[in-house]
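The values are calculated or read from the model by the stated rules, or taken from the named source; none is laboratory data. Quick caveat: nothing in here was measured; it's all calculated off a predicted structure. So basically every Cβ, Gly included, is an ideal-geometry build from the backbone, and we count neighbours across all protein chains shown.
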Amino acid sequence: MRITLCLLLILAGCSDSRDVMDELPNSSIAGAPRENMSESRMEAPLARPVTIGEDGPRMDACGAMGMVIRGSLPLRAAPFDDARTLATLGEGERMHVCTRSLDQRWLGVVLPSRAPAQAAAGNAVEAAPVDCGVTDPVDRKQPYDGPCVSGWVSSARVRLIAG
């Protein structure tokens, strides 16, 4: 009887009804109702906004600058190889680095040199510089919704040059 009671107490202590999703406070799906979360990446739409303001309200919204190295680099709608390509960046092109994927393989970036119309048309004409709104602090962590093109690039092909 005593052994059975001890065994039941041990097993009860080992069970944890919480889901892993509940334990990820910085996850974009933390706190979302279970029915709103897809079970796999294949079920999810392959687009994820770039998050700005991760360094807090006293730091720039995007804390670093990067530059493309070794040829051209696709800008993707999400941090996955099979996500839609939004634009192609050329060697030496600069970007504001705002966030990283959990596995550190992808950088969420904002492109200061491209307005949305230029990226869509592939226009190589130099336009007047656009203030992307990421060089000043923001109140809280939030998805980027400014005037510049944003997306995800492979971190292996970006050299950090400032920040």
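Descriptive notes on the structure:
- Pairs where the first residue, in the stretch 47-60, is over 24 Å from F80 (Cα atoms) and the second is surrounded by fewer than 17 Cβ atoms within 10 Å (Cβ to Cβ) and of a type in the set (S, T, Y), C-beta under 7 Å, 6+ apart: D60/T135
- Neighbours by Cβ (under 8 Å, 6+ apart or cross-chain): first from the stretch 127-138, assigned to a loop (DSSP other than H, G, I, E, B); second modelled with pLDDT under 90 and among the hydrophobic types (A, V, I, L, M, F, W, C): A127/A115; V130/A115
- Residues of the stretch 89-111 classified as surrounded by 20 or more Cβ atoms within 10 Å (Cβ to Cβ) and at pLDDT below 95, total: 0
- For the stretch 50-59, the tally of residues that are surrounded by 18 or more Cβ atoms within 10 Å (Cβ to Cβ) and either on the phi > 0 side of the Ramachandran plot or not in a loop (DSSP other than H, G, I, E, B) (or both) stands at 3.
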